[in-house]
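Down below is the structure, laid out as structure tokens.
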Amino acid sequence: MKSRKRSPEPVRPEPDNEALSRSMVALDQDGKQREVSVVCERAYTLYLNAQEIITVMTVGEHPRWLALGYLRNQSMLQDDDVITGVDVDDDLGVIVVRTERATDYEEKLQRRTRTSGCAMGTMFGDVMESFDAVRLDADARIRVSWLGQLTRTINTTPSLYLKAGAIHGCVLCHQDEPLIYVEDVGRHNAVDTIAGYMWENAVVPSDKIFYTTGRLTSEMILKTVRMEIPILVSRSGFTAWGVELARRAGLTLIGRARGERFLALSGHERIVFDDGD
């Protein structure tokens, strides 16, 4: 198993990256032409060793982390797996992850659940695999003052969303500091990308907060718990099944977060109602 580090190097969106968006001419409501930025998306087919796993639609900003995180969140990469290579071919749209351990997930690939992700998220096999075995840190805390600072910082950080829209953002945070900020066309891709970064860089999850712009669905709860992060925050709302899963796992679930205003439907004991002192 990898040793865990505490301080990942910051990752921020790159709205000026020309590979992620392009300019197009639109006609507005007054019949006038306007130049607008439009998000790009591309297909990558993911292989684990010699086996084709899935084709994902993504902006393609961090394909290596996306591949590793997807395989981790599907339980196809184990804690003790040794990665011998990750090959990304942008021209062919292929990512190949190679491991020392021989892998064969043919049976698992036959059991597929289509999730509520905007870009047709998919989870393979038993979606509850290992879910009940995770024990989230009971001592983790989120202060209301941190939440206000986090939302202000995230909402004002230069991003592809502010430039072009049509994209989701996910942020790994420590207290009131955003650490890893990733955007993609589907929130599940952004989650998986952060999961891949965390696994490759051995980031401690127990004292982290996960922020997403997307809905708090069952998929989001399953992946957050799989990543062993005890607190999940969204500016959007909830699904009933997502709330039930969060309560089952002991996950702190905070939605409709706007500044220091929010609604919490699970894990209230981790919330500290302070005044910023």
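For region 8-104, the equivalent ellipsoid derived from the Cα gyration tensor has semi-axes of 36, 14, 11 Å, listed largest first. Computing FRET efficiency as 1/(1 + (r/R0)^6) for residue 36 and residue 200, where r is the C-beta to C-beta distance and R0 is 35 Å, gives about 0.50. Gain on full extension, evaluated as 0.36 nm per residue between residue 256 and residue 86 minus their Cα-Cα distance, stands at 57.4 nm. Legend: calculated FRET efficiency, residue 128 to residue 263, from the Cβ-Cβ distance at R0 = 25 Å, rounded to 0.05, equals 0.45.
Compute the Cα gyration tensor for region 119-277, then decide on rounded, prolate or oblate, letting a ≥ b ≥ c be the square roots of its eigenvalues: rounded whenever a/c is under 1.5, prolate when a/b is larger than b/c in the other cases, and oblate in all that remain.
Details: a/c = 1.41, a/b = 1.07, b/c = 1.33.
In terms of gyration-tensor shape, rounded.
With the charge dipole of region 1-92 set up from +1 on Lys and Arg Cβ and -1 on Asp and Glu Cβ about the Cα centre, the Cα lying farthest toward the positive end among the listed residues 56, 45, 82 is that of 82. Mean sequence separation of contacting Cα pairs (under 8 Å, at least six apart), scaled by the length of region 192-277, corresponds to a relative contact order of 23 percent. Share of carbon and sulfur in the accessible area of the chain stands at 46%, probe radius 1.4 Å.
From the C-alpha gyration tensor of the chain, pull out the three semi-axes of the equivalent ellipsoid (sqrt of 5λ each), sorted largest to smallest, in whole Å.
On the way: eigenvalues 150, 144, 59 Å².
Largest first, the chain gives 27, 27, 17 Å.
Mean residue ellipticity at 222 nm, helices only, the chain: -7000 deg cm²/dmol; runs of at least 4 DSSP H residues each add -39,500 (n - 2.57), and the sum is divided by the number of residues.
Scoring 194-206, 73-85 by mean Cβ neighbours within 10 Å over their residues and listing the highest first yields 194-206, 73-85.
With the other protein chains left in place, how much accessible area per residue, in square angstrom, belongs to the chain at a 1.4 angstrom probe? Working shown, then result.
Working: 13280 Å² over 277 residues.
Here the per-residue accessible area is 48 Å².
Using a simple spin-label model with pseudo-atoms 7 Å out from Cα toward Cβ, residue 43 and residue 106 lie 2.4 nm apart.
The values are calculated or read from the model by the stated rules, or taken from the named source; none is laboratory data. Note that this is a predicted model, so its numbers are computed, not measured. We place every Cβ from the backbone using ideal geometry, glycine too, and count neighbours over all the protein chains shown. Accessible surface areas use protein heavy atoms only, side chains included; no ligands, DNA or RNA. Shrake-Rupley method; radii C 1.70, N 1.55, O 1.52, S 1.80 Å.
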